[in-house]
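Comments concern the structure below.
The values are calculated or read from the model by the stated rules, or taken from the named source; none is laboratory data. Computed from a prediction, not measured in an experiment: that's the story for all the values here. With ideal geometry, Cβ positions are generated from the backbone for all residues, glycine too; neighbour counts draw on all protein chains shown.
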Amino acid sequence: MRFTVPEKFLPRIRHDEPMSRHTSWHVGGPAEIFFTPEGRADLAAFLRSLPAEVPLFWLGLGSNLLVRDGGIRGVVISTQGTLDRLDRVSETSVYGESGVACARIARQCIKWGLGPAAFFAGIPGTLGGALAMNAGAFGGETWHHVIELETIDRRGREHKRPAGEYRVGYRRVEAPAPDEWFLAATLRFEKGPAASEAAVREMLERRRATQPIGEWSCGSVFTNPPGDHAARLIEASGLKGVAVGGASVSSKHANFIINHGAASANDIESLIRRVQETVERAHGLTLRPEVCIVGEAG
């Protein structure tokens, strides 16, 4: 879908930008237009300039994302390196914009003596992504701490919404209005002893010992079904190490799919379907992907 971008935005626009550069799986076709705003005013002006029919997709660190080989039509808006304000606003509350890395929230809350915020260190994405999926780690979940949200709509108008307007579940968030995206959130923690940096390092070391950290993956591919673990079901189905093209189920943790360097997005998506079909035959359960799959088939 071709359309003319106003000249003032061109320094922050890339055309046909390979999404493989922006996802932790290192796969994905091109984004028709890739825009990184300077800040909120620039973002609002850009949104107002777009025709209503142009599709929009918002990108943080790309750590929970599979972009198909045909790429993304329309506009990708990247918050990485922008919308990164993080402030303490009261004794127990923190204000963070959507582009703030979750690991930074954990580190800063430790310095401020606020807890329990250490779980954010285990979320390899931005606050915006964590809000969109109620991301969690080490037994903590994002929305347990949300007080208020700031959003922006397609016309560039900002809104404030209390957390109670959203329906939230395990790795699931339903917004009260369509076509609004997270700009920021106010989070509540507790003043008192927080996990030390050494304790956070220990948690991350335990994770590195059991997960293929450092390899090209998206983290956990499937959500855990009630009362069970996706990794256990996948391993019990004999799927560890099973490969499609350049992608395989991790031999270290069965809920990870690894790109060994030459996988296509189609390889990964085909392997996701194979895992789902095999687990369903073996255990009568359909695994639900935690990863967001977007874009056009190649």
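Within this structure, Gly219 passes the test of being part of a loop (DSSP other than H, G, I, E, B) and within 27 Å of Ile110 (Cα to Cα).
On inspection, Ala263 qualifies as within 17 Å of Ile293 (Cβ to Cβ) and part of a loop (DSSP other than H, G, I, E, B).
So, in region 261-298, how many residues would count as being of a type in the set (A, V, I, L, M, F, W, C) and farther than 15 Å from Val249 by Cα? Spell out how you get there, then give the answer.
Within region 261-298, the first condition is being of a type in the set (A, V, I, L, M, F, W, C), and the residues that meet it are 262-263, 265, 268, 271-272, 275, 279, 282, 285, 287, 291-294, 297.
Now narrow it down to the ones that are farther than 15 Å from Val249 by Cα: 282, 285, 292-294, 297.
Residues that pass the stated criteria total 6.
The set of residues from region 142-174 being surrounded by fewer than 15 Cβ atoms within 10 Å (Cβ to Cβ), in contact with a helix residue (DSSP H, G or I) (Cβ under 8 Å, 6 or more places away or on another chain) and in a loop (DSSP other than H, G, I, E, B) comprises Arg155, Arg157. From the list Arg201, Arg207, the one residue that fits, being under 28 Å from Val146 (Cα atoms) and either in a loop (DSSP other than H, G, I, E, B) or under 20 Å from the mean Cα position of the chain (by Cα) (or both), is Arg207. The residue of region 80-91 that is modelled with the lowest pLDDT, among those that are surrounded by 16 or more Cβ atoms within 10 Å (Cβ to Cβ) and in a loop (DSSP other than H, G, I, E, B), is Gln80. Put simply, of Val249, Val242, Val279, Val275 the only residue that is modelled with pLDDT of 95 or more, among the β-branched types (Val, Ile, Thr), over 23 Å from Phe138 (Cβ atoms) and surrounded by fewer than 21 Cβ atoms within 10 Å (Cβ to Cβ) is Val242.
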